[in-house]
1. Can you say whether THR145 is among the β-branched types (Val, Ile, Thr) and either in contact with a Lys or Arg (Cβ under 7 Å, 6 or more places away or on another chain) or without any contact (Cβ under 8 Å) to a residue 12 or more places away in the chain (or both), as far as the supplied structure shows?
2. I need the full set of residues from the range 348-360 which are under 14 Å from MET398 (Cβ atoms) and surrounded by fewer than 18 Cβ atoms within 10 Å (Cβ to Cβ), in order please.
3. Considering only the range 136-153, state which residues are in a strand (DSSP E or B), at pLDDT 95 or above and not aliphatic (A, V, I, L, M).
4. Scan VAL333, VAL376, VAL407, VAL352 and give me the residue that is part of a helix (DSSP H, G or I), at pLDDT below 95 and among the β-branched types (Val, Ile, Thr).
5. Where residues in the range 113-149 are of a type outside the set (D, E, K, R) and touching a His at 6+ places or on another chain (Cβ under 8 Å), which of them is farthest from HIS219 (Cα to Cα)?
6. Within the range 49-57, identify whether any single residue is in a loop (DSSP other than H, G, I, E, B), modelled with pLDDT under 95 and touching a strand residue (DSSP E or B) at 6+ places or on another chain (Cβ under 9 Å), and answer yes or no.
7. On the basis of being part of a loop (DSSP other than H, G, I, E, B), among the aliphatic types (A, V, I, L, M) and out of contact with any His (no Cβ under 8 Å at 6 or more places or on another chain), does LEU327 make the cut?
Amino acid sequence: MNNNNQWRPGRRVAIVGAGPGGVSAALGLIKQGYDVRIFERHPEPKPLGGAVLLSTPVLAILKSYGVHMNNFGSHTTVEFQNHKGEHRADIPFNPKVEKAFGIKGWYYGVLRSCAFAKMLELLPQGIVVPGAEFASYVEHHNGITINFTNGDSIDADILVGSDGVRSEVCRQAFGEQNLFHVGVRVWLAWCNPISGIAPNTGVISHSHKYQASFFPMLHDGKPGYEWWIVEPASEKTPRPKDARKHIDKIIQGWADPLPRLVDATNFDTQIFCWDVYNKPSMKSWSRGRVVCLGDAAHPVSPYAAYGMGMAIEDGYFLAKFLDGRDLSNINAVSESFRKLEEQRLDYTNHHVEMARKLGSFFHHMPYPVAKVRDFVLNNTNFLNKMLTKDYMDDSERMSLSLTELHVG
């Protein structure tokens, strides 16, 4: 691991945004001996939202950085149901993946702040520069100068934009991002354990226009549940003044345990409301000495259950393809960025677009058509085939390609 006081030409990586993608890239690049600094506009890095699901390959990446997996999360099998609790589909899982990584299951529920804190703990002191808001960058023949709103600047070899869905780095590199509301709003919540739920079981359930789901999770090593509601909404849909009353109305008539999970939640401290924005899929994440990761490159709606995980993967792959390169050499940098995009761009775009398609499929069909949809989902294996083809097959191939992380 490098000395964080060093800033050597050819080894200098400036990261804007101390989110999961930026911190993941930093951990991977520091491990390879690069000099890294993360510039964060807030006084300290802070994760947004409540609970999150992380998949097995993401856990393997975190484990390779040094995150201890003991009491990290709760492994979960996933079932799709209708709102009455009737089975529709299981998310299939390839046991070869479990064996390859030596990590049980596929999904792990964990509070986002806990997972992110474990990543931050691994950063050497001085890597994160707080209160540094990005303003602009200027490329030159052997490096790049990053300017901040307080008048400070720094010279680096490459700039990594990990500054979220409204990324200023991405905007300067590629122009206006044309963000659009995807037509759904999400309520993310977590609560302490309740009785009567089968262990290691998560459920994604739908009525004619709402989704209500729950998964087991760990919060600082203690068991609990994460749950969330997805509802149709537009950019102009006002937020309800009484969140509890609003959610109670949505889940009226919903099968157990959803109503009990809502009852067990503190609505002052354990729920977060999120309006979901995407942008058109990008054809490139890099330009010159600049590359973007995570939501800065591919903001994802909740149907992929994968936003934080994809950002962590992006950071890992960036470090993997930069390993051993002289970053002052623009040709070496360009080749590494090309490999990153070859590995990740189509993969992430597919998942983002699939998530948007599912959001429209479940939340924006007119009622008569939704009735037909629900009849098909209740009485055929259509949903199982769609999930396998559009989600799991791709994820399993990516997982099995990470041979350097396999243990069996």
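The values are calculated or read from the model by the stated rules, or taken from the named source; none is laboratory data. Since the structure is predicted, the reported quantities are computational estimates derived from the model, not experimental observations. Heads up, the Cβs are rebuilt from the backbone with ideal geometry, glycines too, and the neighbour counts pull from every protein chain shown.
1. Working: among the β-branched types (Val, Ile, Thr): yes; either in contact with a Lys or Arg (Cβ under 7 Å, 6 or more places away or on another chain) or without any contact (Cβ under 8 Å) to a residue 12 or more places away in the chain (or both): yes.
Judged against the criteria, THR145 is a match.
2. ASN349, HIS350
3. If we filter the range 136-153 for residues that are in a strand (DSSP E or B), which is where we start, we get 136-140, 143-148, 153.
Retained after the next criterion (residues that are at pLDDT 95 or above): 136-139, 143-148, 153.
Within the range 136-153, SER136, TYR137, GLU139, GLY143, THR145, ASN147, PHE148, SER153 qualify.
4. None of the others qualify; the one that does is VAL352.
5. GLY131
6. Of the range 49-57, the ones in a loop (DSSP other than H, G, I, E, B) are 49-50.
With modelled with pLDDT under 95 added as a condition, the list becomes 49-50.
Then drop every residue that is not touching a strand residue (DSSP E or B) at 6+ places or on another chain (Cβ under 9 Å), which leaves 49-50.
There is at least one residue in the range 49-57 that is in a loop (DSSP other than H, G, I, E, B), modelled with pLDDT under 95 and touching a strand residue (DSSP E or B) at 6+ places or on another chain (Cβ under 9 Å).
7. The answer is yes for LEU327.
The rows are residues; the columns are (1) in contact with a Gly (Cβ under 8 Å, 6 or more places away or on another chain); (2) modelled with pLDDT of 95 or more.
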site	(1), (2)
ALA173	yes, yes
GLY196	no, no
HIS208	no, no
GLN211	no, yes
PRO216	yes, no
LYS222	no, no
GLU231	no, yes
